[in-house]
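S.K.: Please see the structure below; I have some questions.
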Amino acid sequence: PSSLDRTLGDVLSATRPGSAGSAVVRSEWSHLVDVLPSSPDLQTLEVLSRGFDGLLLGSKPETRLRRGLRGVSDGYAAVLVDCPPSLGSLTTNGLAAATKGLIVVEPTALGLRGVEPVADLIDDVWHHHNQWLDVAGVVVNRMPARSHDAQVRLEELSRSVGARSVWSPPIPHRVVVAEAAADRRPIHHTGARGRVVAEVFDDLYARLWRKIRPRRR
């Protein structure tokens, strides 16, 4: 992070369409994958975006990411936007720039309680900012190997949003996932310990790819 000249914070602060182009960097995942990196200053933008900052710039703060990606996203088969676990301006910016929204939830009482507000936000963004936005589905994360309560919550989720909307398989709860994230490496590079989780991600990735029907490059 210390070597970055520009980040997502700069893109959201800018008024020029296509400003994301100068902030995109190559990833270590693959030469086919680029990254628009984040930064801690996004917390400041979260506070300012609905205040004087938006008024002074004379533009809608909710659509800054979409404006920053204008023309830049055309060079990619797909763009994945990772939103924070909140319903603030940053998530609204991500949804306003997207065509599909994928909800991630944990199989707990508190996790399921958050699905409806997220769905309401997606509907609100569709109504006010982005009529191309649609819900792709719901992914269940951190599914315990053995838990009666988690299974009950999964069945409750299926009844609430519809069984066809809940993607299968759920992502199992494994320590190796946290270890891979801490080491900043793909789960596929963790060997036998991460094989089961890697296979789940491969299945979900294939379904996502079919859902968004990316452009061929």
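The values are calculated or read from the model by the stated rules, or taken from the named source; none is laboratory data. Because the structure is predicted, anything quoted here is derived from the model rather than measured. Glycine also receives a Cβ, built like all others from the backbone with ideal geometry; neighbour counts cover every protein chain displayed. These area figures cover heavy atoms from the full protein model, side chains too; ligands, DNA and RNA do not enter into them. Shrake-Rupley method; radii C 1.70, N 1.55, O 1.52, S 1.80 Å.
S.K.: With the chain treated as a Gaussian network of Cα nodes joined by springs under 10 Å, which of Ala20, Ala77, Ala97 yields the largest mean-square fluctuation?
M.R.: Ala77
S.K.: Could you give the semi-axes, largest first, of the ellipsoid that matches the chain, computed as the square roots of 5 times the alpha carbon gyration tensor eigenvalues and rounded to whole Å? Mind showing how you got there, number by number?
M.R.: Numbers: eigenvalues 181, 98, 56 Å².
Taking √(5λ) for each eigenvalue gives 30, 22, 17 Å, largest first.
S.K.: Can you work out the Karplus-derived ³J(HN,Hα) for every residue in the stretch 149-158? Use 6.51 cos²θ - 1.76 cosθ + 1.60 with θ = phi - 60°, whole Hz, and x for glycine or proline.
M.R.: Each residue's phi maps through the Karplus curve to give 4, 4, 5, 4, 5, 5, 5, 5, 4, 4 Hz.
S.K.: Right, next: From largest to smallest, what semi-axes in whole angstrom does the stretch 175-217 give when each is the square root of 5 times an eigenvalue of its alpha carbon gyration tensor?
M.R.: Values: eigenvalues 120, 26, 13 Å².
Semi-axis lengths for the stretch 175-217 are 25, 11, 8 Å.
S.K.: Net charge near Thr15: determine it from the other residues with C-beta under 10 Å of the C-beta of Thr15, scoring Lys and Arg +1 and Asp and Glu -1.
M.R.: Working: positive: Arg16, Arg64, Arg67; negative: none.
Value of the local net charge: +3.
S.K.: Now, a different point. Please report the accessible area of Asp120 (heavy atoms, 1.4 Å probe, ligands and nucleic acids excluded) in Å², nearest 10.
M.R.: Asp120 has an accessible surface of roughly 90 Å² with all protein chains in place.
S.K.: Next question. Ala182: net charge of surrounding residues, Cβ under 15 Å, Lys/Arg +1, Asp/Glu -1, itself excluded?
M.R.: On the way: positive: Arg174, Arg184, Arg185, Arg193; negative: Glu179, Asp183.
Local charge sum for Ala182: +2.
S.K.: Taking every DSSP beta bridge with both residues inside the chain, roughly what % is antiparallel (nearest 5)? Could the numbers behind the result be given before it?
M.R.: Working: 2 of 10 bridges.
Bridges in the chain that DSSP calls antiparallel: roughly 20 percent.
S.K.: A further question on this structure: In the chain, what percent of the accessible surface is made up of carbon and sulfur (1.4 Å probe, ligands and nucleic acids excluded)? Walk me through the numbers before you get to the answer.
M.R.: Details: 7430 of 13850 Å².
Whole-percent figure for carbon plus sulfur exposure: 54.
S.K.: Just add up the charged neighbours of Gly101: K/R +1, D/E -1, any other residue whose Cβ is under 13 Å from the Cβ of Gly101.
M.R.: -3
S.K.: Still on this structure: Leaving ligands, DNA and RNA out of it, rank Trp29, Trp132 by accessible area with a 1.4 Å probe, largest first.
M.R.: Numbers: Trp29 160, Trp132 190 Å².
So the residues, ranked largest to smallest area, are Trp132, Trp29.
S.K.: So, one more: By how many nm would the segment from His127 to Val175 grow when fully extended, if each residue of separation counts as 0.36 nm and the alpha-carbon distance is taken off? Write out the running numbers ahead of the final one.
M.R.: On the way: separation 48, 0.36 × 48 = 17.28 nm, distance 3.99 nm.
Full-extension gain reported as 13.3 nm.
S.K.: Where is the GNM fluctuation largest for the chain (alpha-carbon springs, 10 angstrom cutoff): Pro186, Pro61, Pro107?
M.R.: Top of the fluctuation ranking is Pro186.
S.K.: Kindly provide the helix-only [θ] at 222 nm of the chain, computed as the sum of -39,500 (n - 2.57) over DSSP H runs of four or more divided by all residues, to the nearest 500 deg cm²/dmol? Walk me through the numbers on the way to the answer.
M.R.: Details: 10 runs with 93 residues, N = 217.
The helix contribution divided over the chain gives -12500 deg cm²/dmol.
S.K.: State in Å² the accessible area per residue of the chain; use a 1.4 Å probe, count heavy atoms of protein chains only, and round to the nearest integer. Provide the component values of the computation, followed by the final result.
M.R.: Details: 13850 Å² over 217 residues.
The answer is 64 Å² per residue.
S.K.: How much solvent-accessible surface does Ile171 expose, in Å² to the nearest 10, with a 1.4 Å probe and all protein chains in place?
M.R.: Probe radius 1.4 Å; accessible area of Ile171 about 10 Å².
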